[in-house]
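Okay, structure first, notes after.
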């Protein structure tokens, strides 16, 4: 048996096969606006999961749902007490694309199919999971799928939530044929590794002309809402020196914060995504201005030190402008490093198989961050055209889709057959 | 006859009388939120105008409506071919205060009453007008009252407009008992002067502890909408160097524009009152940002030179940020100087009568700017508490209300009896 799994395989059909299967999965939940809307426990979601189950079974995987609707397909190994898991989430945002989540499910199934066809029974179980939910786009709860797999989801967290049409989470789950996990049972102990493939949702790979990335960490983030209170005044009758212009102060803060972030440099990113002004009338000096800040970095200390400087500077600017500023941090998530050994193993595979890859961090959140504290975890990315994500225009070249599958095959071979 | 009209009068009751009449007029259109909503041609408006007519007639003025609903009350002079006009508008904004507009009507009636009681028949007509409309708050048309008096309102400008409930302007006017002016008739030729008293709607008088202002000009203004197009991107996966952040560019522009305006100094004022960001989501780099700019100054050249620098700087900043910026100027109104002779005459009256006054410009628009091109015009201001305007909390101390009436009495005496 070759040291390199993919040496023995013919990948000529892989680009078309992967793109075709993504097209097929995208037909479940195809919406009127040319995108995919496949929300947790919806009719489209149920149909997609059952269709995936059929496909898994069609080439000999042992497929099953867990209590909440995560779909698993297992290629059984000689030692069934150990499992190498791959996969991603099957749900989409409203009017999303065909790639986010779906690609990780399709890539995993195809990878296992190639491994089975070429090498037969592995040493340990190799398993694909099509996870129930990651996006938080139907109900105000994200990572329902992965959190149930690692045992960190709690029944009481979803018992009183409803979707935007008022349908309770619990009713939607029951109507789809699922229910709660028995929380007295501990998490699965057979999981020895988790490898998720996903589209990048950014444009680093495209810009650097790479086909694949090995992800070594997922950023931590802090999110803030800043509320500035000045004085609403008549735009004509209030001399400049009499004003407490909340938007003037806000623009000063936003401009400086982003300058500061650029000075610190990669991988720090800082975004002011939302701005609201009151009363928001052309001829009234703004009395209030509200904006959000989203700060991300792979290193916790760097997040802490940047946000401390940022907060101090905002307080100075606030004083300078004679306004009141309320700084509310409402999210503080630590960075999640991927497992060093799994990352190195995948990197080595990419290297030896001549894949055009780079090692990078993920600036977006993924199921892998839920797995990582419990299971040795790593991720693979393929490029996203122009970085477009959560949009019907999501696209990855079929050739790159295939490179991602190849990288996954290499990783699963190393983890499952050796 | 004294050179100073107000020497001969007892003003002890004037503060209470003026405040009481404002309270009374504010009862027409008193709304559920504690403010005044007295919109053009509404039931409350009709009742107010008829009640004012009764009051005018009760002390011997000859009162009449014109075709569109401006209410005039005349103290006839020996020479009826010349008229000195005072007054303001009777309409309010939605949920406005008791002072804006109303004070000019009440002050005018009381002033004429005092003059009639003390000096009897004047040399020329002294006339009060309670104008139909100034605010543009029911229909998208402002200055309907004054524009009809000077003959600049056009039938076709209002024939196809409706209020926010879909009621056509023409129907509302007819239901209130009024109709269009005969546009073949020229403007009135008897008007020799117009003096409007109004609340300042700013806090200059309050801050400088003055009771009255003689207004020597009304600012010109330019208004702009700035639309910046960058690229919407994922807040986590897009390194700072890859971004075209429309809000970053907008904050840079807003901060610098306002700094530039402060450097130029009074009487220039510049306001960014409205800001809108797209998609306005915490974790998305803004693809678009829109904001308005309102620039005012008493001198046209200063407006032109400031806005030229401002536009040039915005274009530079736009290039620096790699975004596209569309700069749309949609209002360009020239400053309106008040009549030098009338201003001097009123100033002299204030001086000689020992009023605590200052000469200043108006940063807000008023009916006087419509009159000024046709009739020698000037204005008087009294303080607005904290500059509050278009709000139920509008307030002026009764003592200051009385000082404004005294100044008006002096002005009308000079213009009407000499």
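Look through B:339, B:334, B:328 and report the one residue that is within 14 Å of another protein chain (Cβ to nearest Cβ), surrounded by fewer than 24 Cβ atoms within 10 Å (Cβ to Cβ) and either farther than 24 Å from residue B:268 by Cα or in contact with a strand residue (DSSP E or B) (Cβ under 8 Å, 6 or more places away or on another chain) (or both).
Only one candidate passes the filter, namely B:328.
Could you tell me which numbered condition residue B:113 fails, if it satisfies all but one of (1) crowded, with 18+ Cβ neighbours inside 10 Å; (2) in contact with a helix residue (DSSP H, G or I) (Cβ under 7 Å, 6 or more places away or on another chain); (3) not in a strand (DSSP E or B)?
So the condition that residue B:113 fails would be (2).
So residue B:290 passes all but one of these: (1) within 13 Å of another protein chain (Cβ to nearest Cβ); (2) over 30 Å from residue B:214 (Cβ atoms); (3) surrounded by fewer than 16 Cβ atoms within 10 Å (Cβ to Cβ); (4) modelled with pLDDT of 95 or more. Which condition number does it fail?
That leaves (3) as the condition not met.
Could you tell me how many of the residues in the range B:376-388 are buried (at least 24 other Cβ atoms within 10 Å of the Cβ) and more than 14 Å from chain A (Cβ to nearest Cβ)?
3
Please go through the range B:195-212 and pick out each residue that is more than 15 Å from the chain's Cα centre (by Cα) and within 21 Å of residue B:85 (Cα to Cα).
B:212
Which numbered condition in (1) in contact (Cβ under 8 Å) with a residue 60 or more places away in the chain; (2) at the interface with chain A (Cβ under 7 Å from one of its Cβ atoms); (3) out of contact with any strand residue (DSSP E or B) (no Cβ under 8 Å at 6 or more places or on another chain) is the only one that residue B:219 fails?
Condition (3) is where residue B:219 drops out.
For the range A:377-396, how many residues are over 18 Å from residue A:87 (Cβ atoms) and in contact with a helix residue (DSSP H, G or I) (Cβ under 9 Å, 6 or more places away or on another chain)?
8
From A:403, A:351, A:394, which residue is without any contact (Cβ under 8 Å) to a residue 24 or more places away in the chain and either in the same structural domain as residue A:85 (by TED's automatic domain parsing) or surrounded by fewer than 16 Cβ atoms within 10 Å (Cβ to Cβ) (or both)?
Numbers: A:403 fails: without any contact (Cβ under 8 Å) to a residue 24 or more places away in the chain; A:394 fails: without any contact (Cβ under 8 Å) to a residue 24 or more places away in the chain.
On inspection, the qualifying residue turns out to be A:351.
Can you find a residue in the range A:303-310 that is within 9 Å of another protein chain (Cβ to nearest Cβ) and either surrounded by fewer than 22 Cβ atoms within 10 Å (Cβ to Cβ) or under 27 Å from residue A:338 (Cα atoms) (or both)?
So far as the range A:303-310 goes, no, none of its residues is within 9 Å of another protein chain (Cβ to nearest Cβ) and either surrounded by fewer than 22 Cβ atoms within 10 Å (Cβ to Cβ) or under 27 Å from residue A:338 (Cα atoms) (or both).
Could you look through the range A:119-140, keep only residues that are in a loop (DSSP other than H, G, I, E, B) and either outside the structural domain of residue A:100 (by TED's automatic domain parsing) or more than 14 Å from the chain's Cα centre (by Cα) (or both), and pick out the one that is surrounded by the most Cβ atoms within 10 Å (Cβ to Cβ)?
Looking at residues that are in a loop (DSSP other than H, G, I, E, B) and either outside the structural domain of residue A:100 (by TED's automatic domain parsing) or more than 14 Å from the chain's Cα centre (by Cα) (or both), I get A:138.
Among the residues of the range B:184-193, are any outside any helix (DSSP H, G or I) and touching a helix residue (DSSP H, G or I) at 6+ places or on another chain (Cβ under 6 Å)?
The answer is yes; a qualifying residue exists.
Please work out which residue is farthest from residue B:190 (Cα to Cα), limiting yourself to the range B:352-371 and to residues that are part of a loop (DSSP other than H, G, I, E, B) and within 14 Å of chain A (Cβ to nearest Cβ).
B:363
Taking the options B:43, B:53, name whichever one is without any contact (Cβ under 8 Å) to a residue 60 or more places away in the chain and within 25 Å of residue B:375 (Cα to Cα).
That would be B:53, the only listed residue that is without any contact (Cβ under 8 Å) to a residue 60 or more places away in the chain and within 25 Å of residue B:375 (Cα to Cα).
Conditions first: (1) within 22 Å of residue A:144 (Cβ to Cβ); (2) out of contact with any helix residue (DSSP H, G or I) (no Cβ under 7 Å at 6 or more places or on another chain); (3) in a helix (DSSP H, G or I). Residue A:374 passes all but one, so which condition is the exception?
For residue A:374, the failing item is (3).
Just to be sure before I move on: is residue A:10 touching a residue at least 40 places away in the same chain (Cβ under 8 Å) and either under 20 Å from the mean Cα position of the chain (by Cα) or surrounded by fewer than 19 Cβ atoms within 10 Å (Cβ to Cβ) (or both) in the structure I sent?
When the stated conditions are applied, residue A:10 does not pass them.
Can you go through A:316, A:320, A:344 and tell me which one is closer than 30 Å to residue A:406 by Cβ and more than 9 Å from every other protein chain (Cβ to nearest Cβ)?
Result of the check over A:316, A:320, A:344: A:344.
Hey, could you check the range A:233-245 for residues that are farther than 19 Å from residue B:252 by Cα and facing another protein chain (nearest Cβ under 7 Å) and say which is surrounded by the most Cβ atoms within 10 Å (Cβ to Cβ)?
Step one: list which residues in the range A:233-245 are farther than 19 Å from residue B:252 by Cα, which gives A:233-239, A:241-243.
Filter again for facing another protein chain (nearest Cβ under 7 Å), leaving A:233-239, A:242.
Numbers: A:233: 26, A:234: 22, A:235: 28, A:236: 23, A:237: 25, A:238: 26, A:239: 17, A:242: 17.
In this case the residue turns out to be A:235.
Taking the condition in contact (Cβ under 8 Å) with a residue 12 or more places away in the chain, at positive phi and either more than 8 Å from every other protein chain (Cβ to nearest Cβ) or surrounded by fewer than 19 Cβ atoms within 10 Å (Cβ to Cβ) (or both), does residue B:177 pass?
yes
I want to confirm something. Restricting to the range A:246-274 and keeping residues that are closer than 19 Å to residue B:259 by Cβ and at the interface with chain B (Cβ under 7 Å from one of its Cβ atoms), which single residue is surrounded by the most Cβ atoms within 10 Å (Cβ to Cβ)?
Here the residue is A:247.
Is it true that residue A:34 is assigned by TED's automatic domain parsing to the domain that holds residue A:407, under 17 Å from residue A:108 (Cβ atoms) and either within 23 Å of the chain's Cα centre (by Cα) or surrounded by fewer than 17 Cβ atoms within 10 Å (Cβ to Cβ) (or both)?
The answer is no for residue A:34.
The values are calculated or read from the model by the stated rules, or taken from the named source; none is laboratory data. Fair warning: this is a prediction, and the values are worked out from it, not measured in the lab. For neighbour counting, all protein chains shown are included, and Cβ atoms are generated from backbone atoms with ideal geometry for every residue, glycine included.
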